[in-house]
Amino acid sequence: MTLHMKSKNLILSAILMAVSSTVMAQENIQKAFDTLKQSRGQEETYTNHFMERDPDTGLMEGMSDEYEFKITDKANKHLVTAIRQAFDKDEQAAYSVSTGSHGGAENYISLAVGNGNKGVGIGEMKDSKWIYACFLDPEDTLRTHRYAYAMEWVEKKDGSITGRIIKTYATTQKFRQKKTSTSLMINGQRIDFSGAFGTLHSSLGGNESEAWISKFNNLRTLFQKKPEGPAANTWATQIYKLCKDKDAQSLDDAEKNLVVAEIKKLKAKTTDEFIQQLFDMSIEQLKK
């Protein structure tokens, strides 16, 4: 094996290991959210959940969780205080943090959901205080998706509190701005040039193999979390489809060997014969 191939293997191995070893950077906020929801010291007044997945890969593309609550006994104010402290603990891991006050219908921020066509408002409650933080999705090696966590609350003179906690999943603002910059309005219609630029980039050497490996790594991580059952079947099927895809031919021999080795590890984690056969077929596709 040449020095170049050894270096590439080390780099690719590091990429594959990074996701597996990542701890959710916003774990303190999530725990504080869960504690409030499960506490008897508050009353749920409204809840809403939305989620969408890519039909081809099964990967989540957008999500929003809204939970509104009311705390009538000021002795339970600690539930809100704990969330504010959790934001402080996780702040160093966030790439964006913002706070505000004097909320109202004309003074609020919309947290994007999915590709940004949808959003959830934060800071809409009259005279509210609010805080939100954004964290890159640790399972997205392309660094194009993020989680946003937010809380908005109003504390009354009698000590009662009404508030909301929100979690959304979307592409990052930086990614959305980049996508917008590759389109142009012509005669009232938006023309997207991203495909043309992608073709040009490909002719100059491109990064098809890196994109392919990132997709594989996401599916690999999902399978490792649940190597048995319906979900495992879905991820294994998507890995097989990925290996059949024409973009798999962009992998060089070193990359294919590394992916094959990872698929064999996945196969060893399941006792489902059908899934094992899918992994064998995936390997055969890569060897063509």
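Results for (1) modelled with pLDDT of 90 or more; (2) open to solvent by 30 Å² or more (accessible area, probe 1.4 Å), shown as yes or no for each residue.
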| position | (1), (2) |
| --- | --- |
| D252 | no, yes |
| A261 | yes, yes |
| A268 | yes, yes |
| L278 | yes, no |
| said: Of everything in region 131-162, what is in contact with a strand residue (DSSP E or B) (Cβ under 7 Å, 6 or more places away or on another chain), modelled with pLDDT of 90 or more, in a loop (DSSP other than H, G, I, E, B) and not hydroxyl-bearing (S, T, Y)? Give them in sequence order. | reply: D137
| field | Meets criteria (within 18 Å of T221 (Cα to Cα) and of a type outside the set (A, V, I, L, M, F, W, C)) for E262 | value | yes
| message | Tell me the residue from L222, L286 that is within 17 Å of E139 (Cβ to Cβ), among the aliphatic types (A, V, I, L, M) and in a helix (DSSP H, G or I), please. | response | L222
| message | List pairs: first residue in region 168-186 and of a type in the set (S, T, N, Q), second residue at pLDDT below 85 anywhere in the structure, Cβ distance under 7 angstrom, at least six positions apart or on different chains. | response | T182/D192; T182/F193; T182/S194; T182/F197; S183/R190; S183/I191; S183/D192; S183/F193
| remark: Result of the Cβ filter at 6 Å on region 65-89, keeping first residues that are more than 18 Å from I29 (Cβ to Cβ) and partners that are polar (S, T, N, Q) and surrounded by fewer than 15 Cβ atoms within 10 Å (Cβ to Cβ), at least 6 apart or interchain, is K70/T45
| task | Hey, can you tell me all the residues within region 44-85 that are among the small types (G, A, S) and not in a loop (DSSP other than H, G, I, E, B)? | result | G62, S64, A75, A82
| Selection status of E66, open to solvent by 90 Å² or more (accessible area, probe 1.4 Å), of a type outside the set (F, W, Y) and at pLDDT 95 or above | no
| message | Can you find a residue that is open to solvent by 10 Å² or more (accessible area, probe 1.4 Å), modelled with pLDDT of 90 or more and hydrophobic (A, V, I, L, M, F, W, C) anywhere in region 224-240? | response | no
| message | Suppose we filter A82, A86 for residues that are at pLDDT 95 or above and under 26 Å from M51 (Cβ atoms); which single one remains? | response | A86
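The values are calculated or read from the model by the stated rules, or taken from the named source; none is laboratory data. The shown structure was predicted, so the numbers you read here are calculated from the model rather than taken from an experiment. Positions of Cβ are backbone-derived with ideal geometry, glycine not excepted, and every protein chain shown enters the neighbour counts. When the accessible area is computed, the model is the full protein with side chains, heavy atoms only, and any ligands, DNA or RNA have been set aside. Shrake-Rupley method; radii C 1.70, N 1.55, O 1.52, S 1.80 Å.
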